[in-house]
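Take a look at the structure below.
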Amino acid sequence: MLLNTSTKVILMAAGAVIFSGVAAAQAKIAVVNLQQAVLQTAEIKKASADLEAKYKPKQAEMEKLEKEIAEIQQKLQAGAGKLTPQAQQELTLEGQRKQRDLQRLQQDVQDELNYERNEILQKSGQQMAEIIRKLAEEKQLDVVVDFSSTLYIKPSLDLTAEAVAAYDKAYPPK
């Protein structure tokens with residue numbers, strides 16, 4: 001009787017393994033490189049170009065300040081021993097002020113740019129997730145996995161290009 005019970009347990013375990021293998025074989029799976037998909041959309045490309053154009057004047061202002069600081073440093077080096085202590089101090093203070101202005105401008109631009117970029121990416125990421133969900137439903141997929149956590153994938157399972165095309169169709173750049 002003990003033998004019968006252990007045999008039953010083994011047979012049940014074997015059946016469960018076989019059944020899980022059959023169930024897993026029936027699952028439809030796809031993979032998407034979500035980051036790449038979002039960055040390849042026409043909307044993100046346009047937003048990137050718009051941000052670049054928006055911040056071009058500030059970039060030019062930063063470059064101008066950098067040139068002015070370099071000129072001040074050159075004057076200080078060229079005038080070493082020739083400038084009066086007062087002229088040297090004035091140049092040094094002007095250079096420090098411009099350096100401080102440059103650092104503040106750089107920080108402000110970086111903060112603004114990061115904020116705008118994050119807003120755009122967050123919105124697009126949410127929209128892309130919705131597009132992927134719709135694609136999965138259309139294709140009757142059971143699971144869609146992000147490429148970043150996948151060690152190997154058959155190229156035929158990659159939905160990234162389809163997701164980008166569907167996104168561009170659903171959300172054309174304005």
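Read the figures in this text as sums done on the coordinates, not as results from a lab. Just so it is clear, the model here is predicted, and its values are computed rather than measured. When we count neighbours, we look across all protein chains shown, and the Cβ atoms used for this are built from the backbone with ideal geometry, even at glycine.
Charge dipole of region 116-174 (Cα centre as origin; +1 on each Lys and Arg Cβ, -1 on each Asp and Glu Cβ, all else neutral): 120 debye, rounded to the nearest 20.
Taking the Cα atoms only, what angle lies between the long axis of helix 2-26 and the longest principal axis of the chain, rounded to 10 degrees? Between the helix axis and the principal axis of the chain, the angle is about 50 degrees. Look at the alpha carbon pairs under 8 Å that are at least 6 residues apart: their mean separation over the length of region 2-170 gives a relative contact order of 51 percent.
If the only charges are +1 at each Lys and Arg Cβ and -1 at each Asp and Glu Cβ, what is the size of the charge dipole of region 2-170 around the Cα centre, to the nearest 20 debye?
It comes to approximately 300 debye.
Counting other Cβ atoms within 10 Å of each Cβ, which chymotrypsin sites (Phe, Trp or Tyr not before Pro) in region 78-168 have at most 10 and sit in a DSSP loop?
Working: sites: 115, 147, 152, 167; in loops: 152.
In loop regions of region 78-168 (DSSP not H, G, I, E or B), the sparsely surrounded chymotrypsin sites (Phe, Trp or Tyr not before Pro) are 152.
Between the alpha-carbon centres of region 101-131 and region 39-82 there is a gap of 19 Å. Tell me the angle of helix 85-138 to the major Cα principal axis of the chain, expressed in degrees between 0 and 90 and rounded to the nearest ten. Roughly 20 degrees, rounded to the nearest 10. For the chain, take the longest principal axis of its alpha carbons; what is the angle in degrees between that and the long axis of helix 42-78, to the nearest 10 within 0 to 90? Long axis of 42-78 versus the principal axis of the chain: about 30 degrees. Around residue 68, with a cut-off of 12 angstrom between Cβ atoms, what is the net charge of the other residues, counting Lys and Arg +1 and Asp and Glu -1? Its environment carries a net charge of -1. Database remark: amide H of residue 31 closer than 5 angstrom to the amide H of 145, 158, 159 (H placed geometrically; neighbours at sequence offset of 5 or more, or on other chains; Pro and chain starts carry no H).
Among the trypsin sites (Lys or Arg not before Pro) found in region 57-138, those both in a DSSP coil and sparsely packed, with 11 or fewer other Cβ atoms within 10 Å of their Cβ, are 82.
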